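Readers should treat all values here as calculations from the given coordinates under stated rules, not as data from a laboratory. Given the structure is predicted, the values throughout are model-derived calculations rather than measurements. FYI the Cβ positions are ideal-geometry reconstructions off the backbone, even for glycines, and counts take in every protein chain you see.
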Amino acid sequence: MNVLTEAATEKALVKKMNEINYKMVGQDVSVYYGDKRALFDVNLGVRDNTVTALIGPSGCGKSTFLRCLNRMNDTIQSAKVTGRITLDGQDIHDPSIDVVELRARVGMVFQKPNPFPKSIYENVAYGPRIHGLARSKPDMDQIVESSLQKAGLWNEVKDRLNEAGTGLSGGQQQRLCIARAVAVSPEVILMDEPCSALDPIATARVEELIHELRANYSIVIVTHSMQQAARVSQRTAMFHLGHLVEEDDTDKMFTNPNDQRTQDYIMGRFG
Amino acid sequence: MSVGSIVLVLLVLAVIGYFLGRGRSLSAAKRDHVKLHSLPGYYGQTVALFVAVPAFLLLIVWLFIQPVLIESRVNEMLPDSVIPEGGARSLVMADVRQIAGGLDAVLNRTGLTEEALDDGRLDVSNVRARLAEVGVALGSDVPTEVYEAAKTYRRSADTGDLLMAIAVIGTALGLGVWALMRISPKMRARNVSENFVLALLIGSSTIAILTTAGIVASLVFETVNFFKMYPASEFFFSTVWNPQFRGGSELGIWPLLWGTLYISLVALLVAVPIGLMIAIYLADYASQSLRSLAKPAIEILAGIPTIVYGLFALITVGPFLRDWIAQPLGLGNSSSSVLTAGLVMGVMIIPFVSSLSDDIINAVPQAMRDGSYAMGATQSETIKRVILPAALPGIVGAILLAASRAIGETMIVVLGAGAAARLDLNPFEAMTTVTVKIVSQLTGDTEFASPETLVAFALGLTLFVITLGLNVLALYVVRRYREQYE
Amino acid sequence: MTDMAVETTGKATMAGDARTRKRHAAERRFRLMGQLAVAIGVLALLGLLASILSNGLSSFRQTYITLEIYLDPGVLDKQGTRDPADIAKITTFGYAPLIKGSLVKVMQDRGVGGEADADMAVALISKEAPAILRNYVLADPSQIGETVEFNLLASGRIDGYYKGRVSMASAELDRNTSPEQLRFADELKEAGILVTRFNWDFFTAPDASDTRPEAAGLGVAILGSAYMMLIVLVLSLPIGVAASIYLEEFAPRNRFTDLIEVNIANLAAVPSIVFGILGLAVFINIVGLPQSAPVVGGLVLTLMTLPTIIIATRAALKAVPPSIRDAALGVGASRMQSVFHHVLPLAMPGILTGTIIGLAQALGETAPLLLIGMVAFVRDYPAAPPEGFFDPASALPVQVYNWTQRGDPAFVERASGAIIVLLVFLLVMNLVAVILRRRFERRW
């Protein structure tokens, strides 16, 4: 490939990227845990109002990448992140960015439901409270109600808001965690295998919810289940051994992937 | 202004600062706290921290330094002539402090004003009588220099206290106003106050280092003073301990070390087999119900203060050993003895050995037991040939820790071992230990700057070094052992 | 081990042969040794408690002589002005005749003894009695001229007689009492003048001199211990928790943190007496804090308690699952917020349990307090805090030590009684800790 065409392709790529509304973009993102390198120069964008699924076999780096997006890797002492990640064009590693505000804009739902051992109300109200989002008590009630509604939990819990969040069923707990994430009005929601600890019915409920949330948020979901990726996402990114193998429309990925490894993984040849 | 009231003022100022900071941030944001970078409370918290913490630290530092400065200044005022023959400067300084304190009492009691000190109503001629009226008894008449020194001491202390109050409260107000001025809606108050809190957390965790440094410094400093008065070679190699209050003491550490080691040996001979067997039995043999009764009972032994064991040795074990064993066998007739202290101390460290061994035995992987049982070994064979050898390094570590505990134990030996420094093998004889002598040399009315008192610091340093060595070795052994099974 | 394997494979039947029987016998012996060890441990505990209880329980009862005493104005306030300053001039010697007079009158009324027995009767009453009478009058001069009923302490020997410590045989050899006196006491007892009742004074009265064991109480010691525990609690809980939070939640792994860790581990094992030396050298000699003061004891005990609290707090913090921290960080809480809003409250039961256990240890600690002058004989109650922190005081375990150093055997009873009080405090504290743990412990 000569230099000219390479530059031209580059230009075309940049043009294409400008056309699409990217909420977050990772460029050459690498992660090291001590001496071990867990992620190799990943370039991946998260589009507005889109569900992006990250798939791949265990230990492929998909969760690691997800945790880069709201800098949760900061909490692991040996972890080092290089490359550039932007949120609305702003570098999230910029010293002027407060990681706390970043996490308010990029919410997260974890693999295992982890409600605080407090009441349902307090679980949802915690985020708005520390960010000072409510001006008054009715304001706060309003935020809690609408968040629980968005998470599809309101009707089930509206009469027992003062009961402990840990007393809910697994699926309800996970939706409570989603309501908690939604309550601080994030722009992006990261979900790290949100259904892996849930039964099929609860899973279906959460997937439905993801579908509804898409209208207002950009969602990135890590999942082990190919079916789930196919059901909930519009874009899919395949990771393998710390590399981004390919990223494309979900329909295309599951019918006609470019890369043999994606093909093999989807067919269940390894996992 | 007393220290208590300064602290109280600081607290009040901090509370006021909190509300001012909170209010100022809200008014800067026109009552709409959503516009603020941080919650209003954080602005208040920032101000409160700036008001209270630096001022409080200043107060503590001042309290440490002021007495040192005043003492050195007053010390210069005292010519050598006022130091009595064979006496010590420190004793005269104690007089100075006592007179200064007494003068305060006189002024308080009689309603005299400060001027009385200068216009002759209270001077060197009548001060002894005046002090006696308020209960401050002086051994002899007061030399003019000492009286003047006492007056200076008193004035310096008063001025120092006043300056301290001004400096501390000034710091609080100054920093408080500065912190208030900085408040604006954009200010990252949460980050500021969190960094401040983090600094406090770090500061708290350095107290452990400061404590160790304080221990080492005070031990080493006075030990060096001791070796200036008494030859180190005598201390470390002499086999005679015979302190005299008129000088000419013989202060050899060997009789004390011998007593310490002998008693600790007896204690370990009691505690190690019993403690180890208890751990094994409760872990591998005992029924659930027995374990739930016996384990807490053994642990209660660990929670009983050592003074209780000491009293037990003094009033029960000692007389019992003397009346039933030592006297009938003609081995001695002292109720305090190596055996008394050793037995009781052994009981005290049984739970120490048993709970440490319990942890260590449980750390041996189940797979090892299974392997042994599968070959048809009985339970005791498994324990003796598989578990104990595997757990041996850990158990050695536990024994070392127990030994360090025994060597440093004080109250049991103070009440049970006796006070006679003696190199002897008969366990029914009273002997004494390093810790007993530290207590006896540092309590009672002895002159501080004499070798007989300062020897306690050298003993303390010896004790510290020995126990530290044992602890470090034990922790190292135990850690290595744990890593092996992780 | 190989021969064992050969042994088993070589057997065709499951029946035991001689060698197996030997092995089983060894097994039984080993088991017996284990049972023996447990029995020794439990017996030692029971023996210890039995010894303390049997020696000390009697200190909660005390023999008193009940007298109605006429507070004669002619003796106590000759001027009749009721001026406290004048009344204070009458020393305890002035009060002794009042007691004697009253005693003789009661004896005549009840028909016990004769005129000749009066001196012996007075000797039954503690030498502390006139002082108690005098304090009563000084506290309320208006009582002069009234007849007031007093419960006066019987002397230590008489008290000991009714507690089995003094017998007729031992009284024969004792120059402080005599068999006649004891027999006379018995007569008084029958007449109802001499009674044995619960001894409240033991908890409230200050220490007393060598010759008056019957008047010695724990008031100053309990107060001193309480002051010290207050200081320890107020200082060591916040500092310990702050240090633990830093080490567990924020500290990076580096040399500095390692240094702190090593220091904490070692301080936990440094002999307590060394802390006493530290207190003497730094707090008293350098800072110039007063000897025997609760503030110095409190500071020394704080330094000793810190490692205990730090170790317990760190374990409690560690037990809070990381998912809670993640959840808080995930909604945009800062690390400080996640710790103070979520982790710390969840760890609180564990922290409090550790703190109470640390305080219990500190309460029983004796050796370091000996070095900072708490052995001094203190009869005056310390003032209320904060000034009282700087007044001389005693402490419960030190009071025990003090009493063991006295000659009169009655002090052994007092020392054991003080131990019982101390153990009851410790028991209550540990029970609270256990209840806290049971009630609030959360399993994740």
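Residues whose amide H lies under 5 Å from that of C:ASP408, counting only those 5 or more places away or on a different chain, are absent; hydrogens are built 1.01 Å from N in the peptide plane. Using Cα positions and a limit of under 21 Å, work out the lysines in reach of B:LYS437, with same-chain residues fewer than 8 apart set aside. Within reach: B:LYS228.
In terms of distances greater than 21 angstrom between alpha carbons, the cross-link table entries A:LYS150/B:LYS30; C:LYS105/C:LYS163; C:LYS105/C:LYS189 yield A:LYS150/B:LYS30; C:LYS105/C:LYS163. As a calculated quantity, the FRET efficiency between C:ALA139 and C:ASP186 at R0 = 51 Å, using C-beta atoms, amounts to about 0.90. Here each label is just a point 7 Å from Cα along the line to Cβ, and for C:THR20 and B:GLU133 those points are 10.0 nm apart. Dipole size of chain C about its Cα centre, with +1 on Lys/Arg Cβ and -1 on Asp/Glu Cβ: approximately 2500 debye, rounded to the nearest 20.
Note on the stretch B:3-205: Kirkwood radius taken over Cα pairs, Stokes-Einstein applied at 25 °C and 0.890 mPa s, translational D equal to 121 µm² s⁻¹.
Can you give the FRET efficiency for B:ASP424 and B:GLU145, using 1/(1 + (r/R0)^6), R0 = 60 Å, r = Cβ-Cβ distance, to the nearest 0.05? Calculated transfer efficiency: 0.70. Largest first, the three principal axis extents of the alpha carbons in the stretch A:166-271 are 45, 27, 23 Å in whole numbers.
The lysines within cross-link reach of C:LYS22, meaning a Cα-to-Cα straight distance under 19 Å and a gap of 8 or more places when in the same chain, are B:LYS384, C:LYS11. When DSSP beta bridges are restricted to pairs lying wholly in the protein assembly as shown, around 70% turn out antiparallel. Taking all Cα-Cα distances within chain A, those exceeding 31 Å account for 28%.
Shown here is the pair-distance distribution of the stretch B:241-484: with all Cα-Cα distances grouped in 5 Å bins from zero up to the longest one, the shares run 1, 7, 12, 15, 15, 14, 12, 9, 6, 4, 3, 1, 1, 0, 0 percent. The alpha-carbon of B:LYS151 sits under 23 angstrom from the alpha-carbon of none of the lysines, leaving out residues fewer than 8 places away in its chain. The modelled label-to-label distance between A:THR82 and B:MET229, using points 7 Å beyond Cα along the C-beta direction, is 6.6 nm.
Stokes-Einstein diffusion for the protein assembly as shown at 25 °C, viscosity 0.890 mPa s, with a Kirkwood radius from C-alpha pairs, works out to 68 µm²/s. Its residues counted as N, the stretch C:219-440 yields a C-alpha radius of gyration over 2.2 N^0.38 Å of 1.15.
Scanning chain C for long hydrophobic helices, with DSSP H runs required to stretch 24 angstrom or more by C-alpha along their axis and to average at least 1.6 on the Kyte-Doolittle scale, returns C:219-245, C:410-440.
When the Cα positions of C:GLY94, C:PHE198, C:MET120 are compared along the charge dipole of the stretch C:57-199, C:PHE198 comes out farthest toward the positive end, with charges on each C-beta of Lys, Arg, Asp and Glu. Over all orientations, chain B has a Cα convex hull whose mean projected area works out to 35.9 square nanometres.
Applying 1/(1 + (r/R0)^6) with R0 = 22 Å to the Cβ-Cβ distance of B:LEU163 and C:VAL234, what FRET efficiency is obtained, to the nearest 0.05?
Rounded to the nearest 0.05, the efficiency is 0.20.
Extending 7 Å from the Cα toward the beta-carbon at both A:SER196 and C:LEU259 defines two label points whose distance is 4.1 nm.
Seen from A:THR250, the other residues with C-beta closer than 11 Å to its C-beta sum to a net charge of -1, counting Lys and Arg as +1 and Asp and Glu as -1. Counting 0.36 nm for each residue step from B:VAL61 to B:ALA213 and taking away their Cα separation leaves a gain of 53.1 nm. A DSSP coil position with no more than 13 other Cβ atoms inside 10 Å describes the following trypsin sites (Lys or Arg not before Pro) in the stretch A:146-212: A:LYS158, A:ARG160. Dividing the summed helix terms, -39500 (n - 2.57) for each DSSP H run of n ≥ 4, by the number of residues in the protein assembly as shown produces a 222 nm estimate of -19500 deg cm²/dmol to the nearest 500.
Taking 10 °C and 1.306 mPa s as conditions, the stretch A:151-195 diffuses translationally at an estimated 140 µm²/s according to Stokes-Einstein applied to its Kirkwood radius (Cα pairs). The ellipsoid equivalent to the alpha-carbon distribution of chain C has semi-axes of 56, 35, 18 angstrom, derived from the gyration tensor eigenvalues as √(5λ) and listed largest first.
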